[in-house]
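Inspection log for the structure reproduced underneath, given as structure tokens.
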Protein chains: 2
Amino acid sequence: MAGRTSQPGQSVTSRVLAILDAFDIAHPRLSLSEISRRCGVPLATTHRLVGELVAWRGLYRCDDGHYEIGLRLWEVGLLGPLHIRLREIALPFLQTLYEATRENVHLAVRDGDDVLYVEKLAGHRSVPIVSRIGGRLPLHATGVGKALLAHETPGFRRDYLARSLARPTRYTIVEPGRLSADLEQTAQRGYAVTREEMTLGTCSVAAPVLDRAGRPVAAVGAVVQSVLVEPARLAPPIRLAAEGIAARLDATSTG
Amino acid sequence: MAGRTSQPGQSVTSRVLAILDAFDIAHPRLSLSEISRRCGVPLATTHRLVGELVAWRGLYRCDDGHYEIGLRLWEVGLLGPLHIRLREIALPFLQTLYEATRENVHLAVRDGDDVLYVEKLAGHRSVPIVSRIGGRLPLHATGVGKALLAHETPGFRRDYLARSLARPTRYTIVEPGRLSADLEQTAQRGYAVTREEMTLGTCSVAAPVLDRAGRPVAAVGAVVQSVLVEPARLAPPIRLAAEGIAARLDATSTG
């Protein structure tokens, strides 16, 4: 999303949004000239628009002159349904799952071809991992992603498999035939497993949160050190959490 | 923040931001005419700007034509330091505190005269409460708020006490003399206590996260049912969490 270039006649709104797009997890702090360069908006315009965003507290100007995402954007973003609905409903189930496992526990949704992490619980004993709330990873390389992908429509799966897929480790399954068989097995047994497919040394187990029509609205998973845990042992509490969340979502949407 | 009225000559940026301000926790879903009315921007302009925000996915248009805060704003907001720095560092300590208490566990910062909730952990057994991540409550009526206020400068405390203070319950301490004495006691014993001061039936205990200069950068607290818990019993694990977070923040800022 970053690095969008400016067009002549580009609207003010799109320039403001391009300024926000200049920030990403690899670039959470930027100077004014870096913002200007990354979003392709002239420096003088960037200076004026950044000033308006700072006044609104959507950006924060640090003492050293760099800018960070401000409190007001964080606050507004948390008004979205992913947070006030999905995360709030899921939290007690995730907490119970965390207590049962003491491992990294995730709640994620699909966005385009990515899995997007909505919540992550972790303790001092959990293995350090790459996911973060608001972060994205490839669907096919993560447990939560495979749990979602396995329950997408055949058309979506076919299009996804037809693509050239990222291979974060040598164990990532990217061959369409193997991946398709893996997803089939995932759907049949009710949970997904990855073995060092995203990060060497960790594996994951995940189950889908399905709506009444069987559509995957989210996934719940845990990430553990490969050598220590038998995936099948983690599946029951994870499935219980996913089913609990699905039931609560269903109850609150109709009641 | 909502209900800002439009000025002639108002900049496009300020209109876009006023549209975002139209949303709050009591109004997370709005129709186009509600947005227009709440932000004081003419309907045609609102329509155009909302369209640009939807295209960027900062707003989401529901099937029934209402709008909600979109995924992209949520994602950008989570790039701010409250989330990627403070929350990430604090989480394992909060998780340990949750496991020790099974109660609602909070991480909060001061923003102006409000306490702003950065993280909240809760399980099925925790008492339901009003706080939420991204939500605000008055400093003097909450445990985390009093823990922060007790360590603010004398000038800040004096100005705060001079104001007419909200009184959510009949137990809220709003008299300057009593509140001042309570804050003094809070600073001396190292933790704050509220007894039904925010919500009838719940009490809270909280401790400040202090930087090396003794400035309160955050507070950690737990909210429990009044009848069940002796506050003094909760103080040690809460103080331990707050001190752990302070040490990690200090280590990562200098190292």
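The values are calculated or read from the model by the stated rules, or taken from the named source; none is laboratory data. Computed from a predicted structure; not experimentally measured. All Cβ positions, glycine included, derive from the backbone under ideal geometry; neighbour counts span all protein chains shown.
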Exercise. Could you tell me whether the stretch A:202-223 includes any residue that is part of a helix (DSSP H, G or I) and among the small types (Gly, Ala, Ser)?
Key: no
Quiz prompt | Selection from the stretch B:170-196 of residues that are under 19 Å from the mean Cα position of the chain (by Cα), modelled with pLDDT of 95 or more and assigned to a loop (DSSP other than H, G, I, E, B) | solution = B:Thr172, B:Tyr191
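Conditions (1) hydroxyl-bearing (Ser, Thr, Tyr); (2) crowded, with 22+ Cβ neighbours inside 10 Å; (3) touching an Asp or Glu at 6+ places or on another chain (Cβ under 9 Å), marked per residue:
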position	(1), (2), (3)
B:Leu179	no, no, no
B:Asp182	no, no, no
B:Arg189	no, no, no
B:Ala192	no, yes, yes
B:Arg195	no, no, no
B:Leu200	no, no, no
B:Pro208	no, yes, no
B:Ala213	no, no, no
B:Ala218	no, yes, no
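Of the residues in the stretch A:66-85, how many are under 23 Å from A:Ala247 (Cβ atoms) and either hydroxyl-bearing (Ser, Thr, Tyr) or in a helix (DSSP H, G or I) (or both)? Let's see the steps before the verdict.
Of the residues in the stretch A:66-85, the ones under 23 Å from A:Ala247 (Cβ atoms) are A:80-85.
Next, from what is left, pick out any that are either hydroxyl-bearing (Ser, Thr, Tyr) or in a helix (DSSP H, G or I) (or both): A:81-85.
The qualifying residues number 5.
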Quiz item: Between residues in the stretch A:30-42 that are at positive phi and residues that are surrounded by 15 or more Cβ atoms within 10 Å (Cβ to Cβ) and assigned to a helix (DSSP H, G or I), which pairs lie under 8 Å by C-beta distance while being six or more apart or on different chains?
Solution: A:Gly40/A:Ala18
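Take the residues in the stretch B:7-40 that are assigned to a loop (DSSP other than H, G, I, E, B), small (Gly, Ala, Ser) and farther than 17 Å from A:Arg57 by Cβ, then tell me which one is nearest to the other protein chains (Cβ to nearest Cβ). Walk me through it before giving the result.
Of the residues in the stretch B:7-40, the ones assigned to a loop (DSSP other than H, G, I, E, B) are B:7-11, B:22-23, B:25-26, B:28, B:31, B:40.
Next cut, small (Gly, Ala, Ser) only: B:9, B:11, B:22, B:26, B:31, B:40.
Checking the rest, the ones that are also farther than 17 Å from A:Arg57 by Cβ come to B:9, B:26, B:31, B:40.
Numbers: B:Gly9: 14, B:Ala26: 10, B:Ser31: 16, B:Gly40: 15 Å.
Checking each candidate, the answer is B:Ala26.
Please tell me if A:Ala44 is crowded, with 23+ Cβ neighbours inside 10 Å and either under 27 Å from the mean Cα position of the chain (by Cα) or farther than 30 Å from A:Ala242 by Cα (or both).
On the way: crowded, with 23+ Cβ neighbours inside 10 Å: no; either under 27 Å from the mean Cα position of the chain (by Cα) or farther than 30 Å from A:Ala242 by Cα (or both): yes.
In short, no.
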Quiz item: Hey, among the residues in the stretch B:80-93 that are among the aliphatic types (A, V, I, L, M) and surrounded by fewer than 23 Cβ atoms within 10 Å (Cβ to Cβ), which one's farthest from B:Ala218 (Cα to Cα)?
Solution: B:Ile84
Practice problem: Give the stretch B:113-164 a look and list any residue that's more than 12 Å from the chain's Cα centre (by Cα), within 14 Å of chain A (Cβ to nearest Cβ), surrounded by 21 or more Cβ atoms within 10 Å (Cβ to Cβ) and of a type outside the set (S, T, N, Q), or say none. | Solution: B:Leu121, B:Ala122
Quiz item: What number of residues in the stretch B:52-84 are closer than 22 Å to B:Asp111 by Cβ and of a type in the set (A, V, I, L, M)?
Solution: 7
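With respect to B:Glu68, determine if the residue is at the interface with chain A (Cβ under 8 Å from one of its Cβ atoms), surrounded by fewer than 22 Cβ atoms within 10 Å (Cβ to Cβ) and in contact with a Cys (Cβ under 9 Å, 6 or more places away or on another chain).
On the way: at the interface with chain A (Cβ under 8 Å from one of its Cβ atoms): yes; surrounded by fewer than 22 Cβ atoms within 10 Å (Cβ to Cβ): yes; in contact with a Cys (Cβ under 9 Å, 6 or more places away or on another chain): yes.
Here the answer is yes, as B:Glu68 does meet what is asked.
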Practice problem: Consider B:Leu107 carefully, then state whether it is away from chain A (no Cβ under 12 Å) and surrounded by fewer than 19 Cβ atoms within 10 Å (Cβ to Cβ). | Solution: no
Practice problem: State which residue is modelled with the lowest pLDDT when the search covers only the stretch A:204-241 and only residues that are farther than 20 Å from A:Asp113 by Cβ and among the charged types (D, E, K, R). | Solution: A:Glu230
Quiz item: Which of (1) buried (at least 21 other Cβ atoms within 10 Å of the Cβ); (2) of a type in the set (Val, Ile, Thr); (3) touching a Gly at 6+ places or on another chain (Cβ under 9 Å); (4) assigned by TED's automatic domain parsing to the domain that holds A:Leu30 is the odd one out, the single condition A:Val50 does not satisfy?
Solution: (3)
Practice problem: Consider B:Glu68 carefully, then state whether it is over 18 Å from A:Gly77 (Cα atoms), under 27 Å from the mean Cα position of the chain (by Cα) and not small (Gly, Ala, Ser). | Solution: no
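Take the stretch B:15-29 and flag every residue that is without any contact (Cβ under 8 Å) to a residue 12 or more places away in the chain and small (Gly, Ala, Ser).
Going through the stretch B:15-29, the residues without any contact (Cβ under 8 Å) to a residue 12 or more places away in the chain turn out to be B:17, B:26.
Passing the criteria: only B:Ala26.
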Exercise. Take the residues in the stretch A:41-65 that are in a helix (DSSP H, G or I) and charged (D, E, K, R), then tell me which one is farthest from the other protein chains (Cβ to nearest Cβ).
Key: A:Arg48
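Condition first: of a type in the set (Val, Ile, Thr) and either touching a strand residue (DSSP E or B) at 6+ places or on another chain (Cβ under 8 Å) or modelled with pLDDT of 90 or more (or both). Now tell me which residues in the stretch B:1-36 satisfy that. Full working, then the answer.
We begin by selecting, within the stretch B:1-36, every residue of a type in the set (Val, Ile, Thr); these are B:5, B:12-13, B:16, B:19, B:25, B:35.
Those that are of a type in the set (Val, Ile, Thr) and either touching a strand residue (DSSP E or B) at 6+ places or on another chain (Cβ under 8 Å) or modelled with pLDDT of 90 or more (or both): B:Val12, B:Thr13, B:Val16, B:Ile19, B:Ile25, B:Ile35.
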Self-check item: Candidates A:Leu121, A:Leu139, A:Leu107, A:Leu94 - the one that is at pLDDT below 95 and either outside the structural domain of A:Thr199 (by TED's automatic domain parsing) or touching a strand residue (DSSP E or B) at 6+ places or on another chain (Cβ under 6 Å) (or both)
Solution: A:Leu121
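Give the residues of the stretch A:86-108 that are without any contact (Cβ under 8 Å) to a residue 60 or more places away in the chain and in a helix (DSSP H, G or I), sorted by residue number. Can you show your working first?
Within the stretch A:86-108, the subset without any contact (Cβ under 8 Å) to a residue 60 or more places away in the chain is A:87-88, A:91-92, A:95, A:98-99, A:102.
Passing the criteria: A:Arg87, A:Glu88, A:Leu91, A:Pro92, A:Gln95, A:Tyr98, A:Glu99.
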Exercise. Keeping to the stretch B:109-133, report how many residues are β-branched (Val, Ile, Thr) and in a strand (DSSP E or B).
Key: 3
Quiz item: Pairs under 7 Å by beta carbon, first residue within 13 Å of B:Glu152 (Cα to Cα) in the stretch B:206-232, partner at pLDDT below 95 and among the basic types (Lys, Arg), six or more apart or different chains?
Solution: none
